[in-house]
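The block underneath contains the structure these notes are about, expressed in structure tokens.
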Amino acid sequence: MSPANASPSMAATASARSGRESANRDRLLRLPIMTTPRLRASLDGLPAYKAGQRPAQRSDIVAYKISSNENPYPPLPGVMDAVMRAAADMNRYPDPFSTRLIAALADRFDVPAEHLALGTGSVALCGQLVQAVADPGDEVMYAWRSFEAYPIWTQIAGARSVQVPLLPDERHDLDAMADAVTDRTRVIFVCSPNNPTGQVVHRDELIRFLDRVPTDVLVVLDEAYVEFVDDPRVPHGIEVYRDRPNVAVLRTFSKAYGLAALRVGFAIAHEPVAEALRKLALPFGISTIAEEAAVVSLGHEDALLERVDGIIAERQRMVDALRGEGWRINEQQANFVWLRLGDQALDFAAACETQGLTVRPFAGEGVRVTIAEPEANARFLDVAADWRSAHSG
Ligand SMILES: *Cc1c(COP(=O)(O)O)cnc(C)c1O
């Protein structure tokens, strides 16, 4: 209620309440030190997931957040209408089985409904997969550097991370990963395109790898960016999983589909794994709004492809321009570019920030920059060119 239509007595009550609240808060902060509830030791030192920062408001220039690999486009046709209709029912719990979305996905990807599980973003499904297979002390393997959620979920489960360094060209070292499998290995994440390096795994090497991994070890193909791949050597996990019960594929509506705020991702896996994921899912996690938006989005494949093509073209333009400025850029197959800046990562990110561009630095390693609105991309290329001319030689 706005102050304009609040009655005097309501205003007085509200002001008395806010006085009480602040007294309460002060008292809480002055509580004597006492024993606190025992928290699980495995939470100590948990790496906090560092979400992309919001850009500071600028009066001089438009600020862009190009740190979270979000889609710069508005929702696909019809999505807003579906969302508004679904919003009118927000007093009701959603369909706990998300029947419409499951049916639409089964149809779209030609898989049985029993092979599908939804999650509140595929990041949640990463956690459910770890919980489904790893007891304390078991091993969760992934390449490193890769998606930051993997070490977090591993630690939460009390399991042990086995991080296999990327090859010098920042591709997965699948031979080393297969070599590193032990009898404690329960799950291996393969992220392709890899976040944050943008590199991919090829069909032949993936098949060779899968042939070496014991069939009781789960292999998760994290394909959050697969829609942006234009390299024909890259397989779609869905072709690979069909005759391999130990392979699960993760997809999301957050990136290419542009529904990041609605939190919906899905796994495709054989029934025992998919069923375990469903058991571990947050009840009613997929809102009716998210479900409807996803269903309508799936019906607009043409518009999706058009946008994805636009982002791929923009990616190529950026990679070409950066290489032209003298940057060494590996093949990029996602909706971002990765600049290996080493010790200069934080300084470069600060230089971007002064120009109203919030990028994602990884201290000592590099900077990940989302392919965004053409204006943001153009401004980024200017910053990168200035940096090169100031730092070359
Ligand atoms: C963004 C991302 C996801 C999933 O994001 P959600 O919004 O949780 O669906 C999963 N894996 C990788 C590698 C990502 O970059």
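Just need a number here: residues in the range 367-383 that are small (Gly, Ala, Ser) and closer than 16 Å to Ala334 by Cα. Before the answer, list the steps.
Going residue by residue through the range 367-383, those that are small (Gly, Ala, Ser) are 372, 376, 378.
The next check asks that each one be closer than 16 Å to Ala334 by Cα; those that pass are 372.
Adding up the residues that qualify gives 1.
When Lys255 is tested against (1) within 16 Å of the ligand (Cβ to nearest atom); (2) outside any strand (DSSP E or B); (3) farther than 22 Å from Gly285 by Cβ, just one condition goes unmet, and that condition is (3).
Checking the structure you have, find out if any residue of the range 31-49 is assigned to a helix (DSSP H, G or I), of a type in the set (D, E, K, R) and without any contact (Cβ under 8 Å) to a residue 60 or more places away in the chain. Scanning the range 31-49 turns up no residue that is assigned to a helix (DSSP H, G or I), of a type in the set (D, E, K, R) and without any contact (Cβ under 8 Å) to a residue 60 or more places away in the chain.
Residues that are among the aliphatic types (A, V, I, L, M) and touching a Gly at 6+ places or on another chain (Cβ under 8 Å) were ranked within the range 249-259; the one that is nearest to Leu76 (Cα to Cα) is Leu250. The one condition from (1) within 11 Å of the ligand (Cβ to nearest atom); (2) surrounded by fewer than 17 Cβ atoms within 10 Å (Cβ to Cβ); (3) farther than 21 Å from Tyr150 by Cα that Leu262 does not meet is (2).
Among residues of the range 120-142 that are within 20 Å of Val213 (Cβ to Cβ) and touching a residue at least 40 places away in the same chain (Cβ under 8 Å), those with a beta-carbon under 7 Å from a residue that is part of a loop (DSSP other than H, G, I, E, B) and within 16 Å of the ligand (Cβ to nearest atom) at least six positions away or on a different chain give the pairs Ala132/Leu280.
Which count do you get for residues in the range 188-228 that are in a loop (DSSP other than H, G, I, E, B) and hydrophobic (A, V, I, L, M, F, W, C)? Working first, answer last.
Here is the first cut: in the range 188-228, the residues in a loop (DSSP other than H, G, I, E, B) are 192-202, 213-217, 223-225.
Narrowing the set further to residues that are hydrophobic (A, V, I, L, M, F, W, C) leaves 200-201, 213, 217, 224.
Of the residues in that region, 5 qualify.
In a residue-by-residue description of the range 303-317, the property of being farther than 30 Å from Val83 by Cα and among the β-branched types (Val, Ile, Thr) applies to no position.
No lab work stands behind these numbers, since they all come straight from the coordinates. Just so it is clear, the structure is predicted and the values come from calculations on it, not from any experiment. Here the Cβ is made from the backbone with ideal geometry for all residues, glycine too, and neighbour counts use every protein chain on show.
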